[in-house]
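This report refers to the structure that appears directly beneath it.
What follows is calculated from the coordinates using simple rules that are stated; it is not laboratory data. If you're wondering where the values come from, they're calculated on a predicted model, not measured in any experiment. Note that we place each Cβ from the backbone using ideal geometry, even for glycine, and neighbour counts take in every protein chain shown.
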Amino acid sequence: MAKNVAAPRPEALPRHVAVIMDGNGRWAKKRLLPRSAGHTAGMYKVKTIIRQSSDLGIRYLTLYAFSTENWKRPKAEVGFLMKLLIEFLNQELEEMHARNVIFRTIGDVTALPQPVQDVLAGAVEKTRNNTGLTVNIALNYGSRAEIAEAARRAAQDVKAGKITPEEISEELFSGYLETSGQPDPDLLIRTSGEERLSNFLLFQLAYAEFYFTPVLWPDFDEQEYLRALEAYQGRGRRYGGLES
Ligand code: FPP
């Protein structure tokens, strides 16, 4: 059995963790189960990582749940994922609220089925004045589309005379992104052995540490998260400068 991982040093925790939750399908296949069983098992690990992040005192957690490309999957699988989202919020909203979690979405949720939009809006509204961990669930999200939309909105503000082109700095521009006001992720985790960004937070991940693990998302438990945090804490972050 793998040894237990030590608790992370609280003073060196990432403020913002982003996760590409990958491998639900392969997890199910290995067990001769339908892909939907992998997604359900994955949903339980979403609950786990939210609780653990909140217990550890991490401030922001961004989870890639549905990309703009995921619409290409069979209709039944897309429908199942949408149902699972509703189930997740029905099961988890009270606990998240009790934990002072702020629940948010990024991505174009207006394309999701209306019942999903309603449940999401209710969760965002209920938790908006909380002050603990912020959980961003990325749904119908694509980073290039997000950046293009930010450029469009900045251009409109120039046209309306609210800002000048010269004022558009990296910082001002990041305020047009959906993560406006949040620190950039310090750590990106991707499970299942794939080592790609898949159009996730391209602007925001500029200086993040990347942690790729072969562990499939439904197997990514508390110990695996601690392992990722341990790896993060072992890295020297220099932001292009020299070791201090
Ligand atoms: C990737 O695995 C996973 C997804 C596209 C969906 C993520 C969904 C969940 C973790 C569960 C529900 C989420 C919430 C927020 C309730 P894959 O299907 O691409 O796996 P594969 O690459 O092995 O086929």
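If you average the sequence gap of Cα pairs under 8 Å that are 6 or more apart and divide by the length of the stretch 68-216, what percent do you get for the contact order?
Across the stretch 68-216, relative contact order equals 20 percent.
With unit charges on the beta carbon (Lys/Arg positive, Asp/Glu negative), name the residue among Pro14, Gly181, Pro34 whose Cα is farthest towards the positive pole of the charge dipole of the chain.
Positive-end residue among those listed: Pro34.
Taking amide hydrogens as modeled 1.01 Å from N in the peptide plane, which residues meet the under 5 Å criterion relative to Phe220, leaving out close sequence neighbours?
Here the answer is none, since no amide H 5 or more places off falls under 5 Å of that of Phe220.
For an R0 of 45 angstrom, estimate the FRET efficiency from the Cβ-Cβ distance between Tyr44 and Glu125 and round to the nearest 0.05.
Efficiency, from the Cβ-Cβ distance: 0.95.
Please list 3J(HN,Hα) in residue order for the stretch 166-183, calculated via the Karplus relation 6.51 cos²θ - 1.76 cosθ + 1.60 where θ = phi - 60°; whole Hz, with x for glycine and proline.
Once θ is set to phi - 60°, the couplings for the stretch 166-183 become 5, 6, 6, 9, 4, 5, 5, 4, 5, x, 8, 7, 6, 8, 3, x, 9, x Hz.
Around Ala154, what is the net charge, scoring Lys/Arg as +1 and Asp/Glu as -1 over all other residues with Cβ under 15 Å from its Cβ?
Neighbourhood net charge equals -4.
Of the options Gly193, Leu242, Gln156, report the single residue whose Cα projects farthest towards the positive end of the charge dipole of the stretch 109-244 (beta-carbon charges: Lys, Arg +1; Asp, Glu -1).
Projecting each Cα onto the dipole axis, the largest value belongs to Gln156.
Can you pull the Rg over Rh of the chain, Cα-only, Kirkwood?
When Rh is taken as the Kirkwood radius, the ratio is 0.97.
When Lys and Arg each count +1 and Asp and Glu each count -1, what net charge do the other residues less than 15 Å away from Asn129, Cβ to Cβ, add up to?
For residues surrounding Asn129, the net value is +3.
What's the local net charge at Val119, with K and R +1, D and E -1, over the other residues with C-beta under 12 Å away?
-2
Where does each of 39-50, 64-75, 200-211 land if you order them by average Cβ count within 10 Å, highest first?
39-50, 200-211, 64-75
Calculate, in nm to one decimal, what Leu202 and Lys72 gain on full extension: separation in residues at 0.36 nm each, minus their alpha carbon distance.
44.6 nm
Excluding residues on the same chain fewer than 8 positions from Lys75, give the lysines whose Cα lies under 27 Å from its Cα.
Lys29, Lys30, Lys45, Lys47, Lys83
In whole angstrom, how far apart do the alpha carbon centroids of the stretch 53-97 and the stretch 159-180 sit?
Each part's Cα centre sits 30 Å from the other's.
Would you please state the base-10 log of I(q)/I(0) at q = 0.13 1/Å for the stretch 1-116, with intensities from the Debye formula using one equal scatterer on every alpha carbon?
Taken in order of the listed q values, log10 I(q)/I(0) reads -0.61.
Could you check the spin-label model distance between Glu194 and Asn4? Points 7 Å from the Cα along Cα→Cβ, value in nm.
Placing both labels 7 Å along Cα→Cβ, they lie 3.4 nm apart.
Considering amide H positions built from the backbone, and no H for Pro or chain starts, which residues 5 or more places from Thr105, or on another chain, come under 5 Å of its amide H?
Those qualifying (amide H under 5 Å, at least 5 residues apart or on another chain) are Ile137.
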